[in-house]
Amino acid sequence: MAAAVFRASLLGWRTGVLPGCGLRRLSQTQGPPNYPSFVESVDEYQFVERLLPPTSIPKPTKHEHYPTPSGWQPPRDALPNLPYSVRRSRMHNLPVYTDITHGNRQMTLIRKVEGDIWALQKDVEDFLRPLLGKTPITQVNEVTGTLRVKGYFEQQLKAWLLERGF
């Protein structure tokens, strides 16, 4: 009981209002503040739209000759009649990447493979066999649509995929 009286006296000391006096705080007696009204301007929204990022990547423009100075080349209009296809990345590039794992294991990845990934593996092995002098070590991941090749072959595989029309 003494602790409750002491706690109540501390509360009254902090707020300046003793509990049980029937007084309300000032914020409880006033209504909501009257804020000035606002006007929505549609004409000036064009200045905001310039700053917003685009919702999708635009289609690449047509050039007079390919490859462009950056080395980019579009896919052929007609896709090759193969049991697999390799989709371009969202920036319209071939999804062939190099990777280093475990400090020194050099790998080349072909991502975004759709269709028969095992046929792509066989074709990649047939393409790289004369370059290496032996069959390259490959790994297929059907779930992610990724083909891994041991070694750095990014430029060779990109040129090979461009030849095939991807």
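The values are calculated or read from the model by the stated rules, or taken from the named source; none is laboratory data. Owing to the predicted nature of the structure, the values given are computational and were not obtained by experimental measurement. Reconstructed Cβ throughout: ideal geometry from the backbone, glycine too, with neighbour counts over all protein chains shown. These accessible areas exclude ligands, DNA and RNA; they are computed on the full protein's heavy atoms, side chains included. Shrake-Rupley method; radii C 1.70, N 1.55, O 1.52, S 1.80 Å.
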Within 10 Å, count the other beta carbons around each residue, average over each peptide in 136-142, 52-58, 108-114, and list them highest first. 108-114, 136-142, 52-58
Just to check, using Stokes-Einstein with a Kirkwood Rh over alpha carbon pairs, what's the diffusion coefficient of the range 100-156 at 4 °C and 1.567 mPa s in µm²/s? 110 µm²/s
How large is the dipole of the range 49-148 about the Cα centre if only Lys and Arg carry +1 and Asp and Glu carry -1, each at its Cβ, rounded to the nearest 20 debye? 220 debye
Work out how much length residue 90 to residue 106 would gain on full extension: take 0.36 nm times their residue separation and subtract the Cα-Cα distance, in nm to one decimal. 3.3 nm
How long is the gain from residue 40 to residue 66 if the chain were fully straight, where each residue apart is worth 0.36 nm and the alpha carbon distance is subtracted? 4.5 nm
Using only the alpha carbons of the range 61-103, what is the convex hull's orientation-averaged projected area in square nanometres? 5.3 nm²
I need the peptides 91-98, 32-39, 65-72 ranked by packing, meaning the mean over residues of other C-beta atoms within 10 angstrom, with the highest value on top. 91-98, 65-72, 32-39
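In Å², what does the accessible area per residue of the range 84-166 work out to with a 1.4 Å probe?
57 Å²
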Within the range 46-62, list the residues whose amide N lies under 18 Å from a label point set 7 Å along Cα→Cβ of residue 77. 60-62
Between residue 52 and residue 118, what FRET efficiency comes out of the Förster formula 1/(1 + (r/R0)^6) with R0 = 45 Å and r the beta carbon distance, rounded to 0.05? 0.55
Residue 47 - accessible surface, heavy atoms, 1.4 Å probe, Å² rounded to 10: 110 Å²
Out of 60, 160, 137 - ranked by how far each Cα lies towards the positive end of the dipole of the range 43-166, with unit charges on the beta-carbon of charged residues - the top one is 137
Two-site label geometry, residue 125 and residue 163: point separation in nm, points 7 Å out along Cα→Cβ: 1.9 nm
